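Taking it in order: structure first as structure tokens, then the write-up.
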Amino acid sequence: MTNDPQDIARIAMWSGPRNISTAMMRAFENRPDCVVWDEPFYAAELTRSGRDHPMRNEVIAAGETDPARVVARLLGPLEDPDKPGATVFYQKHMTHHMLDGFDRSWIERVRNAFLIRDPARVLASYTRAWSDVTLADIGYVQQSEIFDRIADRLGHAPPVLESSDVPANPRGMLAALCGALEIPFREEMLSWPAGRRKSDGVWAPVWYAAVEQSTGFAAPKPDAVAPVTLPPALQRIADAARPHYERLARFRLTAPASN
């Protein structure tokens, strides 16, 4: 079935890689009223940039390579036979997929939120799966650009979620996010069945091992706040990304006092 596009709460969550972005997608997908799309612009970005990446050919073959068609689907009717009455469309976006030349005007027609993580931790995680990384690959500059565009349109900061806050207080932080996005919080967001989803990108075998084993947001590990030591080349990338991270972090959501 198809929903009227005007009745859909479209949520664009903007994140860089190696964040809790897939776990956040799981939380939203577990809502009975929500359909998700995993990294809509991935195939288009790889096609346009020529960038080498794990499963590049498979990603391109499985995805939509025309960014204009991606946008049309992001703004169009929801068509999901498993959730014919869905009224929430959660779009898990990677900021580094928004290349120069891709139309960004559509972003102003959806509800935007930003998921951030300390760049040193992002790089430490990223390079365990793929060693070739640049500042552009982790998306901090692009995230700042998109944040500024939305803040300028709204006249205030859009919601920013610090990834380390969510495992520490899942109910409180998800309630805060839903409130900022003007949708109701649902208890179903706090847990989900383990395993892979039909909605997962074809790249899941490379990147999603941990989230496939998860059934919710795990409590922070004891070393979650321990300093991260990077080799000099990666530290330079982290240092370049840090001002962008810290600027958005000033606007991070806090949980309601009742939680």
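Read-outs throughout are calculated quantities, based only on the coordinates presented, and are distinct from any laboratory measurement. Being a predicted model, the structure only gives us computed values, none of them experimental. Please note: Cβ atoms are built from the backbone with ideal geometry, for glycine as well, and neighbour counts cover all protein chains shown.
Modelling each spin label as a point 7 Å along the Cα-to-Cβ direction, I'd like the residue 236/residue 156 distance in nm, to one decimal.
Going by the 7 Å Cα→Cβ label model, 4.2 nm.
Where a ≥ b ≥ c are the square roots of the eigenvalues of the C-alpha gyration tensor, would you call the range 5-249 rounded, which needs a/c under 1.5, or, failing that, prolate if a/b is larger than b/c, or oblate?
On the way: a/c = 1.29, a/b = 1.15, b/c = 1.12.
Note, shape of the range 5-249 comes out rounded.
How do 37, 130 line up, fewest other C-beta atoms within 10 Å first? Please list the in-between numbers first.
On the way: 37 18, 130 15.
Result, fewest neighbours first: 130, 37.
Calculate the FRET efficiency for residue 213 and residue 61 from the Cβ-Cβ distance with a Förster distance of 30 Å, rounded to the nearest 0.05. Show your work: numbers first, answer last.
Details: r = 27 Å, r/R0 = 0.90.
Efficiency, from the Cβ-Cβ distance: 0.65.
Within the range 5-249, what percent of beta bridges assigned by DSSP are antiparallel, to the nearest 5?
Values: 1 of 21 bridges.
So the antiparallel bridges amount to about 5 percent of the total.
Per q in 0.27 Å⁻¹, report the Debye log10 I(q)/I(0) for the range 147-194, using one uniform scatterer on each alpha carbon and no solvent.
Reported log10 I(q)/I(0), two decimals: -1.01.
First select every other residue whose beta carbon is under 10 angstrom from the beta carbon of residue 111; then total the charges, Lys and Arg +1, Asp and Glu -1. Walk me through the numbers before you get to the answer.
Details: positive: 10, 109; negative: 182.
Combined, the nearby Lys, Arg, Asp and Glu give +1.
Give me the one-decimal nm value for the distance between modelled label points at residue 129 and residue 53, 7 Å along each residue's Cα-to-Cβ direction.
Going from the residue 129 label point to the residue 53 one covers 1.1 nm.
Could you list which residues have their amide H under 5 Å from that of residue 9, counting only those 5 or more apart in sequence or on another chain, with H placed in the peptide plane?
88, 89
Just check the range 162-227 against the gyration tensor rule for me: Cα atoms, a ≥ b ≥ c as the square roots of the eigenvalues, rounded for a/c under 1.5, and otherwise prolate or oblate depending on whether a/b exceeds b/c.
Details: a/c = 1.99, a/b = 1.16, b/c = 1.72.
Cα axes put the range 162-227 in the oblate bin.
Could you check the simple spin-label distance between residue 206 and residue 141, using points 7 Å along Cα→Cβ, in nm with one decimal?
Those two pseudo-labels are separated by 2.2 nm.
Taking the Cβ of residue 149 as the centre, find all other residues whose Cβ is under 15 Å away and add up their charges (Lys, Arg: +1; Asp, Glu: -1). Intermediate values should be presented prior to the final figure.
Numbers: positive: 104, 109, 111, 153, 247; negative: 100, 103, 108, 145, 148, 152.
Computed value for this residue: -1.
Please label the shape of the range 130-253 as rounded, prolate or oblate, based on the square roots a ≥ b ≥ c of the eigenvalues of the alpha-carbon gyration tensor (a/c under 1.5 means rounded; beyond that, a/b larger than b/c means prolate, else oblate).
Details: a/c = 1.56, a/b = 1.08, b/c = 1.44.
Oblate, because a/c is 1.5 or more while a/b does not exceed b/c.
How big, on average over all directions, is the shadow cast by the Cα convex hull of the range 106-171, in nm²? Working shown, then result.
Details: hull surface 23.4 nm².
So the Cα hull casts an average projection of 5.8 nm².
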